[in-house]
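Scroll down for the structure; my scribbles are underneath it.
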Amino acid sequence: MSLLRCTGVTKRFGGVTALAEVDLEVNEGEIVGLVGPNGSGKTTLLSTIAGSLPVSAGTIEFAGRDITRSTPHHRAHAGISRTFQVPRPLPSFSVEENVATGCMFGRDSMGRTAALAKARTVLELVGLGEHAGSEVGKLTLHERKFLEIARAIALDPQLILLDEVLGGLNPSEAALGMELIASLRTRGMSVIYIEHNVRAVSTLADRMYVLNQGRNLAHGLPADVLDDPRVVEAYLGGPTDA
Amino acid sequence: MSVSSMALAQTLLNGALLGCLFGSIALGLSVKWGHLGVADFFHLSLTLLGAYVTYSLVSEQLWDPFLTLVVTVPAFFLIGVGVQWIFLALKAEAFTALLITFALFMVTESAVSMIWSPDLLNLRPMLADSFTTSLRLPEPLPQLAVQPVDLLALVCAVVMVGVSAFALGRTRSGRAVQAMRQDSEIAQTLGVRVVPLTLAVSGLAASTAAVAGMVVALRMPLSPSLPLQWIGAVVVATMLGGLGRPVGALVAAIVVMMIQNAWSLWFPPQWSPAVAFGVLFLFLAGGPAIRFVRESMTARRLA
Amino acid sequence: MFSMIKKPAARGIAVSACAALLLSGCGGVVKEDGKKADPAADLPDAEIVSPIAGMECKTDAEPTGDPIVVGGSLSLTGPLAPTATLHKAVGDLVVEWVNDCGGIDGRPLEWKVLDDQGAPATVTSNYERLIGDKVDFVMGPYGGAAALAGAGPVTRAGYAYPTATNGAPDKLIGENHFPSWHIGGGVEDPTKMFAAQAQTFVDAVKSGANPPKSVFYATSKFPTTLSYTASTKPALEDAGAKTVGDVEYDLGTTDFSSIAIRIQNADPDLVYVGGLGADITNLYQAFDAIGYTPKGIYVALPAPAAVQGLGDKADGLLLSSIYENHPPLGDTDVAKYFAKSYSEIAGKEKLFPLVETQAAAGFSAWQILLTGINEAGVDNKAVIDWLNGHDVETLVGTANFDGFNNYGSDFTRVAQIQDGKRVLVWPEDVAGAEIDEKP
């Protein structure tokens with residue numbers, strides 16, 4: 001059953017069209033990969049879904065309701081959460097407080113004590129349990145990336161939008177990350193997953209969408225998409241795992 | 001104790017209690033500046049307005065001063081919400097907001113002159129003797145006196161600052177405010193309702209002006225230009241205390257007023273307003289200076 | 001988000017709790033008989049008479065023709081507004097009064113006021129504008145700096161320049177200047193002006209039974225008050241009063257606690273406050289806080305409402321004055337009608353309702369101008385010549401314009417609060433009572 005449906009989503013910044021009539025659909029329990037060359041509009045699309053950017057045209061439906069004009073916090077309450085490509089922890093909060101903030105104001109709003117307890121469980125899940133009380137400034141890059149995921153999970157979303165959470169990680173860290181993403185589905189979440197590393201996406205994703213210059217280029221099963229000549233060409237004619 | 005050490009103790013006590021009043025005013029400014037990013041000079045005008053409204057309700061309607069809070073606190077909450085709503089509607093940058101609050105500051109002075117007359121208004125003659133007569137401290141300090149209104153200022157300051165600090169640090173809404181201050185976009189994606197929260201914080205900050213205004217009305221004669229006399233001490237307290245820190249603002253106000261008063265006892269009183277800024281300057285200059293000394297000492301050790 | 005509601009609720013509960021606590025402790029904050037007594041309540045009714053000598057009041061004649069326009073600039077907003085508003089009220093009253101009396105030579109009087117917000121530059125441009133608009137006469141602004149700022153364009157255009165408040169008396173304005181209130185009247189040497197007013201004060205305190213032997217000076221850093229103290233201190237020292245303390249404070253200071261403690265430690269016979277506006281209220285507040293009552297106290301230029309607001313505590317307080325509403329000066333028909341109508345307009349404007357120095361000086365300035373117009377006609381040069389050659393009967397006494405800067409008769413007087421009323425106590429010819437000095 002369809003959880004998210006974007007129809008004809010268009011985003012213009014002044015005279016520049018960042019997204020042109022993009023369609024995208026995510027079903028319940030599905031991991032959808034979103035790939036494309038730099039500047040193809042992946043993050044912009046994510047931002048329009050999360051509500052940080054208003055669309056210029058098109059509609060976004062979530063769980064059967066039109067959320068095109070909803071504010072970011074409404075979408076968070078409705079069950080959409082996101083991460084940022086460059087981690088943006090709240091700098092003066094500790095690691096667990098960052099996550100607890102998501103617990104407090106997410107889909108199931110809760111008091112501070114309950115939120116802190118839940119935050120610790122989430123941190124255990126992403127492997128940051130021992131850093132719960134740390135300052136966020138002391139975390140390494142991969143820990144920050146995982147904190148970003150933990151905070152998104154903390155909202156207890158139905159749909160989680162992951163923006164290059166594995167970028168810049170070494171192979172063993174990336175492997176941990178992929179395990180984590182795969183586990184989200186078993187926790188009842190659907191995922192839209194942006195990654196530069198097409199190979200990683202194709203391993204995890206049930207279906208893939210490819211954007212190029214703000215337009216839908218191809219979508220379907222990972223294997224089919226990767227074989228699509230248009231996709232190969234879009235990636236500068238190079239090998240698909242570039 | 002000798003006369004002069006008694007005098008110093010009394011001066012410090014008076015300064016500390018006056019600091020409580022300025023701390024109550026600085027509270028709202030600090031919260032709005034620190035958490036909403038608006039250096040709201042209009043907050044001082046609101047305090048003045050609170051004092052005048054209290055004056056009118058007490059002198060003309062013969063209300064009990066505390067009863068006036070039933071009217072002023074909710075009314076000021078709405079004013080605070082309204083002002084913030086204007087900032088949001090205009091999508092005002094910090095500087096624009098500063099200019100707007102400054103304009104409101106000027107306009108309020110004129111408006112107060114027009115509504116209440118620019119002449120001096122004093123509630124004190126109407127107050128019961130028991131409220132205006134100083135109380136002697138119990139043994140071992142019977143020479144020291146405090147005014148009941150100053151005790152009221154103390155209680156109001158401690159309650160408002162305490163509640164604010166608790167709410168900001170320990171409650172869910174307080175955490176939302178802090179999250180919003182650090183990164184408003186992130187806070188929104190985490191589900192924080194930024195707009196209503198901003199309006200509510202502004203409203204609550206303005207309500208504190210109603211309470212501070214009541215104390216002002218009981219404490220001193222009113223004239224429309226009073227905020228100009230407060231602005232130095234209040235801004236210094238706000239900055240010294242750390243923006244957005246209620247307890248810091250109160251403590252800083254108390255310390256600054258104690259230093260200012262002690263200064264006036266031994267040195268020419270006309271310099272005392274400069275003392276507050278002197279303290280702020282030392283504080284601001286002191287940080288980098290200490291860091292510089294520490295770094296150069298480390299460098300020497302390494303070399 | 002629901003816990004947002006907790007904050008005001010908790011605050012409300014806490015505040016009412018502390019309120020209840022205090023109320024039970026002090027037994028109520030407001031006096032039972034809360035309403036203030038109206039000091040103007042017992043003013044007698046008065047018949048309308050001509051506001052100046054040499055003019056007849058024709059109440060049945062409606063003034064006709066082109067109005068005689070008097071232009072003025074006043075600080076209706078800004079820091080000087082409290083007193084400037086009073087001068088506006090006096091002007092409004094005079095215009096209505098003259099027109100009720102049939103106008104001047106049958107022509108109505110009109111007055112056009114511009115707001116200068118207390119900024120001297122604006123005062124200058126306001127008078128330039130008024131003169132450009134061809135007003136017939138001008139009335140001076142409020143405040144010494146403003147009076148000087150207005151003098152330039154007014155004198156250049158050849159207008160008569162009546163003023164009520166000249167706080168910078170040693171600055172020359174010229175032969176077109178007609179002050180109703182000035183410091184050091186009749187003195188030819190401008191450096192001696194404040195000495196003359198100081199001598200009046202010293203004579204006043206010496207006239208009583210217990211002249212002070214020790215004095216503490218607290219002076220606001222404001223030109224006039226600094227000059228007051230600078231001249232009074234040597235005069236009092238010559239008269240045998242030792243200086244036991246001398247401090248200056250910033251204009252607009254509200255916290256006097258340290259100064260009060262210094263005064264308490266020195267415990268002088270007289271506290272000489274070179275203060276203005278609300279200084280006296282704030283100082284008494286600081287006295288109250290430490291439970292101190294000064295033996296004797298003088299304050300230079302207090303706001304009337306500030307003194308009134310002190311209530312019983314003000315009894316015995318000395319202040320500089322040129323007029324208080326009592327015989328002999330207050331006994332004329334003009335004074336009575338002015339007192340009554342002023343209390344009405346002041347009530348409306350929420351000003352102190354009794355005529356005292358400022359209102360009396362303001363009215364006298366109008367009397368000077370109107371007498372000049374009435375005697376010499378609607379011509380500034382003729383008015384200037386006439387006024388320079390004649391005495392004018394005013395509310396505050398007979399004015400002449402013979403001394404330096406046209407300062408003639410000396411109206412420097414000393415008043416005291418006795419039994420809640422303001423009375424002149426010096427010099428004897430205008431005094432309503434003798435000075436009361438506690439041992």
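The values are calculated or read from the model by the stated rules, or taken from the named source; none is laboratory data. Owing to the predicted nature of the structure, the values given are computational and were not obtained by experimental measurement. Cβ sites come from the backbone with ideal geometry, for glycine too, and all protein chains shown count toward neighbours.
Assorted remarks:
- Residue in segment C:334-352 that is nearest to the other protein chains (Cβ to nearest Cβ), counting only those that are surrounded by fewer than 24 Cβ atoms within 10 Å (Cβ to Cβ) and in contact with a Ser or Thr (Cβ under 9 Å, 6 or more places away or on another chain): C:LYS350
- Residues in segment C:65-95 that are among the acidic types (Asp, Glu) and without any contact (Cβ under 8 Å) to a residue 60 or more places away in the chain: 1 in all.
- Where helices (runs of 4 or more DSSP H) sit wholly within segment A:62-157, those with at least 1 residues that are of a type in the set (Phe, Trp, Tyr), more than 9 Å from chain B (Cβ to nearest Cβ) and at negative phi occupy A:141-154.
- Residue in segment B:131-147 that is assigned to a helix (DSSP H, G or I) and either at pLDDT 90 or above or among the charged types (D, E, K, R) (or both) present: no
- Of all residue pairs spaced 6 or more apart or on separate chains, none has beta-carbon atoms under 6 Å together with a first member in segment C:210-227 that is not assigned by TED's automatic domain parsing to the domain that holds C:ILE280 and hydrophobic (A, V, I, L, M, F, W, C) and a second member that is modelled with pLDDT of 95 or more and surrounded by fewer than 23 Cβ atoms within 10 Å (Cβ to Cβ).
- When residues of segment C:303-331 are limited to those that are free of Cβ contacts under 8 Å to residues at least 60 places away in the same chain and closer than 30 Å to C:GLU56 by Cα, the one surrounded by the fewest Cβ atoms within 10 Å (Cβ to Cβ): C:ASP331
- Among the residues of segment C:294-306, just one is facing another protein chain (nearest Cβ under 10 Å) and within 15 Å of C:GLN418 (Cα to Cα), namely C:PRO304.
- Scanning segment B:66-124 for residues that are aromatic (Phe, Trp, Tyr) and in contact with a helix residue (DSSP H, G or I) (Cβ under 9 Å, 6 or more places away or on another chain) turns up B:PHE66, B:PHE76, B:PHE77, B:TRP85, B:PHE87, B:PHE102, B:PHE105, B:TRP116.
- Failed criterion for C:PRO268 (all others in (1) more than 7 Å from chain B (Cβ to nearest Cβ); (2) within 23 Å of the chain's Cα centre (by Cα); (3) buried (at least 18 other Cβ atoms within 10 Å of the Cβ) hold): (2)
- Residue in segment B:135-154 that is more than 25 Å from C:THR293 (Cα to Cα) and at the interface with chain C (Cβ under 7 Å from one of its Cβ atoms) present: no
- Residue in segment C:229-242 that is among the basic types (Lys, Arg), modelled with pLDDT under 90 and at negative phi present: no
- Pick from segment A:185-203, criterion in a helix (DSSP H, G or I) and surrounded by 22 or more Cβ atoms within 10 Å (Cβ to Cβ), ranking: modelled with the highest pLDDT: A:VAL201
- Residue satisfying condition, being modelled with pLDDT of 95 or more and within 12 Å of chain C (Cβ to nearest Cβ), within set B:ALA233, B:ALA212, B:ALA262, B:ALA249: B:ALA212
- Whichever residue in segment C:405-439 is of a type in the set (Val, Ile, Thr) and over 29 Å from C:GLU188 (Cβ atoms) and, among such residues, is farthest from the chain's Cα centre (by Cα): C:ILE435
- Counted residues, segment B:85-128 - those being within 21 Å of B:GLY50 (Cβ to Cβ), in a helix (DSSP H, G or I) and within 14 Å of another protein chain (Cβ to nearest Cβ): 15
- Note on segment B:53-69: among residues that are assigned to a helix (DSSP H, G or I), buried (at least 22 other Cβ atoms within 10 Å of the Cβ) and not β-branched (Val, Ile, Thr), the one that is nearest to the other protein chains (Cβ to nearest Cβ) is B:LEU69.
- Sole exception among (1) in contact with a strand residue (DSSP E or B) (Cβ under 7 Å, 6 or more places away or on another chain); (2) under 24 Å from C:ILE263 (Cβ atoms); (3) of a type outside the set (A, V, I, L, M, F, W, C) for C:SER227, by number: (1)
- Matching entry among B:PHE281, B:PHE277, B:PHE292 (being exposed (fewer than 12 other Cβ atoms within 10 Å of the Cβ), more than 11 Å from chain C (Cβ to nearest Cβ) and of a type in the set (Phe, Trp, Tyr)): B:PHE292
- Close contacts from segment B:103-123, counting a first residue that is surrounded by fewer than 19 Cβ atoms within 10 Å (Cβ to Cβ) and a second that is among the hydroxyl-bearing types (Ser, Thr, Tyr) and modelled with pLDDT under 90, with Cβ to Cβ under 6 Å and a gap of 6+ residues or different chains, come to B:SER110/C:THR77.
- Being outside any loop (DSSP other than H, G, I, E, B) and modelled with pLDDT of 85 or more holds for only one residue in B:ALA276, B:ALA205, B:ALA289, B:ALA285, and it is B:ALA205.
- Only listed residue being within 7 Å of another protein chain (Cβ to nearest Cβ), touching a helix residue (DSSP H, G or I) at 6+ places or on another chain (Cβ under 8 Å), buried (at least 21 other Cβ atoms within 10 Å of the Cβ) and not aromatic (Phe, Trp, Tyr), chosen from B:VAL163, B:VAL159: B:VAL163
- Looking only at segment C:43-89, and only at residues there that are within 18 Å of C:LEU109 (Cβ to Cβ) and within 14 Å of another protein chain (Cβ to nearest Cβ), the one that is surrounded by the fewest Cβ atoms within 10 Å (Cβ to Cβ): C:ALA89
- Each residue in segment C:303-332 was checked for being touching a strand residue (DSSP E or B) at 6+ places or on another chain (Cβ under 6 Å) and under 30 Å from B:LEU13 (Cα atoms), and 4 of them qualify.
- Test: residue in segment C:386-393 that is at pLDDT below 95, part of a loop (DSSP other than H, G, I, E, B) and surrounded by fewer than 23 Cβ atoms within 10 Å (Cβ to Cβ): yes
- In segment C:224-261, the residues that are part of a strand (DSSP E or B) and either within 13 Å of chain B (Cβ to nearest Cβ) or crowded, with 21+ Cβ neighbours inside 10 Å (or both): C:GLY245, C:ASP246, C:VAL247, C:GLU248, C:TYR249
- For segment A:19-31, the count of residues that are closer than 28 Å to A:ALA234 by Cβ, part of a strand (DSSP E or B), more than 14 Å from every other protein chain (Cβ to nearest Cβ) and within 13 Å of the chain's Cα centre (by Cα) is at least one.
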